[in-house]
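The block underneath contains the structure these notes are about, expressed in structure tokens.
The values are calculated or read from the model by the stated rules, or taken from the named source; none is laboratory data. For clarity, every value in this text was computed on a predicted model and none was experimentally measured. Because the Cβ atoms are built from the backbone with ideal geometry, glycine has one as well, and the counts that use them run over all protein chains shown. In case anyone asks, the SASA skips ligands and DNA or RNA and just uses the protein heavy atoms, side chains included. Shrake-Rupley method; radii C 1.70, N 1.55, O 1.52, S 1.80 Å.
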Amino acid sequence: MLVHLSSLEGGAVLVLHHFSERSVTASVEAPGLRGGRLLTDVFTGDTLKSAAAGLVDVALDPYGFRWLRVNTPLDDPDRATAV
């Protein structure tokens, strides 16, 4: 499993790449995800919400990947979370 967070002044993307033939659920704690941030899958539009402490559980298919954009206040106000 390779997990990395790419961030710029205007936003961030949490990326996970899974290198196994079995499905897994990864629990990831990342800086900047505290407070229940909303993450949107770049490819599917599905959303996940991190826990208050910044932990997010991400399901991955065999050899799967997820690119999760961290929503900001500049997003649709109905979908964004407070910073």
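Of the set (1) surrounded by 11 or more Cβ atoms within 10 Å (Cβ to Cβ); (2) at pLDDT 90 or above; (3) in a strand (DSSP E or B), all apply to P62 but (3). There is at least one residue in region 9-19 that is open to solvent by 50 Å² or more (accessible area, probe 1.4 Å), more than 12 Å from V58 (Cα to Cα) and in contact (Cβ under 8 Å) with a residue 60 or more places away in the chain.
The requirement of being in contact with a Gly (Cβ under 6 Å, 6 or more places away or on another chain) and either over 12 Å from M1 (Cα atoms) or at pLDDT below 95 (or both) is not satisfied by A80. List every residue pair whose Cβ atoms sit under 7 Å apart, with the two residues 6 or more apart in sequence or on different chains, where the first one lies in region 25-50 and is open to solvent by less than 90 Å² (accessible area, probe 1.4 Å) and the second, anywhere, is β-branched (V, I, T) and at pLDDT below 85. Listed by first residue and then by second, the contacts come to G36/T81; R37/T81; L38/T81.
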